[in-house]
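Asker: Can you keep this structure in mind? I'll have questions shortly.
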Amino acid sequence: MNTAAGLYQQALLEHHKNPIGFHKQISITHSASGDNAVCGDEITVEVNITAGKIQELAFLGDSCAICRASASMMCQHLLHQRLSQIATIIKAPMDLINGECTTAVNSTECYSSLAVINTYPVRKQCALLPWQTFINAINNKNE
Amino acid sequence: MATTSAWKHDFPIFSANAHPKLCYLDSAATCLTPKHVADAMYHYQCYSHANSHKGLYQLSANATELVEKGRNKVAEFLNAPMQSELVFTSGTTESINIVANCFVAPKMTRDANIVISSAEHHANLLPWQEICRLHDAELRIAPLTPSGIIDIKALNLLLDNNTLIVAISHVSNVLGFINPVAEVCQLAQKKGVAVLVDGAQAVAHGNVNVAEIGCDFYTFSAHKLYGPTGCGVLYAKGDHLSHMPPYILGGGIINKVTYQETEYINSPLKFEPGSHNVVGIIGLVEAIDYLNDISWFDITRHISDLSMYLGDKLASLDFVKPLIKPLSKHSRNVQSLPSLVSFQLEGIHAHDVASLLDSENIAVRAGHHCAQPLHKMFGVHASIRSSLGLYNSYQDIDRLVVALNNAYQLFAIRELE
C-alpha cells in the first residue's frame with residue numbers, strides 16, 4: 001500500500017509550505033489558467049518573457065499540496081531559462097511525473113520528489129497541471 | 001454499542017482475500033455490492049441469460065418475465081400508484097435527460113423557464129441548462145435555507161405561468177439533507193407546474209413514496225441502492241410517457257416501421273430501445289429484496305445511529321469545517337439526519353486529505369462531487385465527503401477521526417517546524 005509519507009516527502013512539503021512564486025507580483029506578459037475538473041484544483045500561471053527569456057514566473061490559485069509544490073519547483077527552475085529551450089527543459093519533470101524515464105537522470109535530480117507521484121495515478125494530474133498551464137501561458141500572450 | 005455492522009459480512013469486498021481493512025465511507029458515490037446481488041447476477045448471466053422482449057423461445061420469455069416482474073418490484077419499492085409507469089434506464093443521468101429532452105424540450109419557448117435548486121448535482125443541472133440555452137429561456141435557481149434545504153418561500157416566488165418544470169434533488173449529494181419534496185410538489189401543482197425529483201441519494205434511506213410526494217417524475221440509480229451500475233429507473237406519473245416522444249431510437253420500440261415513417265409503441269418500452277440490461281435489472285431487484293429482508297426499520301436505525309455519531313465526532317474536531325453548520329442536538333430530527341457530511345480540514349486541501357486517508361485504507365470522496373456551482377456558492381473549490389452505508393460501524397467513524405487528526409497533525413506540525 002502507498003503511504004502518506006511516501007507521497008508527502010519532506011522536499012515536496014517544503015515547497016508546499018514555502019512556495020516559490022506563489023502570489024508574487026510580476027510584470028505579466030503571458031498568463032493562463034488551468035483547472036483539474038475531477039477534483040477542483042485551480043491555478044493561474046503568470047510569466048514575464050522579455051528578450052526571449054523567462055524573466056519572472058508566478059502562480060496563484062486554490063490547489064492541493066502536490067499541485068502547489070509542483071508549481072513552486074517550476075517557478076524555481078524555469079526562471080531565466082531561454083524560451084527556445086523551454087520545451088526540452090520541461091520535458092524532464094513532466095516525464096518524471098508520468099513515469100516515463102526518457103530523460104537523463106541529471107536533468108531530473110532537482111525534481112526528484114515529484115518522481116513518486118507516478119505511483120499515485122490519481123494524483124498525476126495535480127502535479128502536471130502547473131506545467132500544462134505554463135505551456136498554455138507562454139502560447140498565450142497578454143494584450 | 002456494537003463496533004461492527006451486522007451486515008458487513010454480506011459484502012465480499014471485506015473478505016480476507018480482498019480488502020479486509022477497507023474503511024469505505026463513499027457510499028454516496030456508489031454502494032458496495034452484497035453477495036446476494038452479485039450471486040443473483042452471476043446466476044442469471046450463467047444459467048438464464050437471453051435477449052428479453054424479442055425471442056419466441058422459452059428462455060427469452062423467461063428473461064422478459066424477469067424484467068417485467070422487476071418493473072413491478074420497483075413500482076412497489078417506490079410506492080408508485082397504479083396509474084403510473086416505470087422505465088428502466090442506464091441511471092439517474094439518463095432518466096433526467098429523458099424528461100428534459102422528451103417532456104420539457106418540446107414545450108420550450110423563449111418565454112419559458114425552468115426552476116432547479118442551487119444544490120443540484122450536475123446531472124440535474126446540465127440537461128436543464130442546455131435546453132434553456134438552446135431556446136434562449138431562463139434557468140431559475142432556488143436558494144437554500146441556512147440549514148441546507150431548499151427555501152420553499154423563495155422557490156414559490158420563482159414559479160409562474162411560464163415555468164415548465166421544477167427539478168430538485170430529494171437529498172443533496174453534497175449536503176445530505178432531505179428536501180421537503182412533497183411541499184414543493186404541492187406548491188408546483190397549484191401553479192400547474194410539473195416536478196421532477198432526483199432520488200439518487202434518497203433511495204438508500206428507504207421509505208420512498210412517490211404517491212405521497214406527488215411528483216411527476218422520480219429518478220434513481222440501482223448502484224446507490226446496493227445494486228449494479230448501468231441500471232436506473234424513471235418513474236412517471238399518470239400518462240406522461242404516452243405524450244412524450246422516444247429519446248433514443250432503435251429496436252424494440254415500434255409498432256410499425258416503413259422506410260418513410262415509424263409508429264412507436266405506447267408503453268415504457270418506448271424508452272427502452274435495444275436490448276434490455278437484464279442482468280442489471282436482476283441486480284436491482286435482488287438489492288431491493290436484500291434490503292427488504294433486512295427491514296427498512298433496522299436499516300434506518302443503523303444509519304441514523306451512525307449519522308449521529310459521525311456528526312458528533314466531527315463536531316468535536318475544531319479543525320473540521322463543515323460546508324453547512326450542523327444542526328444542534330436539540331433541533332435534530334432523526335428522520336432528517338444526513339447520512340453524509342461534506343467538510344474541509346483547516347489548512348489542508350481536500351485532495352491531500354483524501355490521499356492521506358487513502359494511505360490508511362479509508363475511502364472518502366474529495367473534490368466538488370459534481371456540484372461545482374454549489375461549492376462556489378460556499379466559497380470553496382473542493383470538500384471532503386464522508387458517506388455511510390450498511391457495512392459501516394462506529395469503528396469506521398473512529399478510524400476516520402484518528403486519520404483526520406493524523407492528517408491535520410502531519411501538515412500542522414510541519415507548519416511549526
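Asker: Taking the stretch B:356-399, which residues are in contact (Cβ under 8 Å) with a residue 24 or more places away in the chain, part of a helix (DSSP H, G or I) and within 22 Å of the chain's Cα centre (by Cα)?
Answerer: Scanning the stretch B:356-399 gives B:Gln372, B:Pro373, B:Leu374, B:His375, B:Met377.
Asker: Just a yes or no: is a residue in the stretch B:11-26 assigned to a loop (DSSP other than H, G, I, E, B), of a type in the set (Phe, Trp, Tyr) and loosely packed, with under 13 Cβ neighbours inside 10 Å?
Answerer: Within the stretch B:11-26, not a single residue is assigned to a loop (DSSP other than H, G, I, E, B), of a type in the set (Phe, Trp, Tyr) and loosely packed, with under 13 Cβ neighbours inside 10 Å.
Asker: Inspect all residues belonging to the stretch A:51-72 and state whether any of them is in a helix (DSSP H, G or I), within 14 Å of chain B (Cβ to nearest Cβ), of a type in the set (Gly, Ala, Ser) and in contact with a Cys (Cβ under 8 Å, 6 or more places away or on another chain).
Answerer: yes
Asker: Which one is nearest to the chain's Cα centre (by Cα) among residues in the stretch B:229-286 that are more than 24 Å from B:Gln201 (Cβ to Cβ), in a strand (DSSP E or B) and of a type in the set (Val, Ile, Thr)?
Answerer: That would be B:Ile254.
Asker: Within the stretch B:226-275, count every residue that is loosely packed, with under 12 Cβ neighbours inside 10 Å and in contact with a Lys or Arg (Cβ under 7 Å, 6 or more places away or on another chain).
Answerer: So the count comes out to 1.
Asker: Let me ask something additional. Spot the failing condition for B:Ala112; the list is (1) surrounded by 14 or more Cβ atoms within 10 Å (Cβ to Cβ); (2) within 24 Å of B:Thr229 (Cβ to Cβ), and only one is missed.
Answerer: (2)
Asker: When you scan the stretch B:48-57, do you find a residue that is touching an Asp or Glu at 6+ places or on another chain (Cβ under 6 Å) and not aliphatic (A, V, I, L, M), even just one?
Answerer: No, the stretch B:48-57 contains no residue that is touching an Asp or Glu at 6+ places or on another chain (Cβ under 6 Å) and not aliphatic (A, V, I, L, M).
Asker: Right, B:Ser242: in the same structural domain as B:Lys153 (by TED's automatic domain parsing), among the polar types (S, T, N, Q) and farther than 19 Å from B:Thr92 by Cβ or not?
Answerer: It is true that B:Ser242 is in the same structural domain as B:Lys153 (by TED's automatic domain parsing), among the polar types (S, T, N, Q) and farther than 19 Å from B:Thr92 by Cβ.
Asker: A further question follows. Working only within the stretch B:382-414, note down all residues that are at the interface with chain A (Cβ under 10 Å from one of its Cβ atoms) and more than 15 Å from B:Leu175 (Cα to Cα).
Answerer: B:Ala403, B:Asn406, B:Ala407, B:Leu410, B:Phe411, B:Arg414
Asker: Now a separate question. Of the residues A:Ala51, A:Ala4, A:Ala32, only one is out of contact with any Lys or Arg (no Cβ under 8 Å at 6 or more places or on another chain) and modelled with pLDDT under 90; which?
Answerer: Matching residue, one of A:Ala51, A:Ala4, A:Ala32: A:Ala4.
Asker: Is it the case that the stretch B:363-384 has a residue that's over 29 Å from B:Thr145 (Cα atoms) and surrounded by 20 or more Cβ atoms within 10 Å (Cβ to Cβ)?
Answerer: No, the stretch B:363-384 contains no residue that is over 29 Å from B:Thr145 (Cα atoms) and surrounded by 20 or more Cβ atoms within 10 Å (Cβ to Cβ).
Asker: Identify, please: which residue in the stretch A:31-50 is under 23 Å from A:Val116 (Cβ atoms) and small (Gly, Ala, Ser) and is, among those, nearest to the other protein chains (Cβ to nearest Cβ)?
Answerer: Ranking the qualifying residues of the stretch A:31-50, first place goes to A:Gly40.
The values are calculated or read from the model by the stated rules, or taken from the named source; none is laboratory data. None of the values given here were measured: they were computed from a predicted structure. Cβ sites come from the backbone with ideal geometry, for glycine too, and all protein chains shown count toward neighbours.
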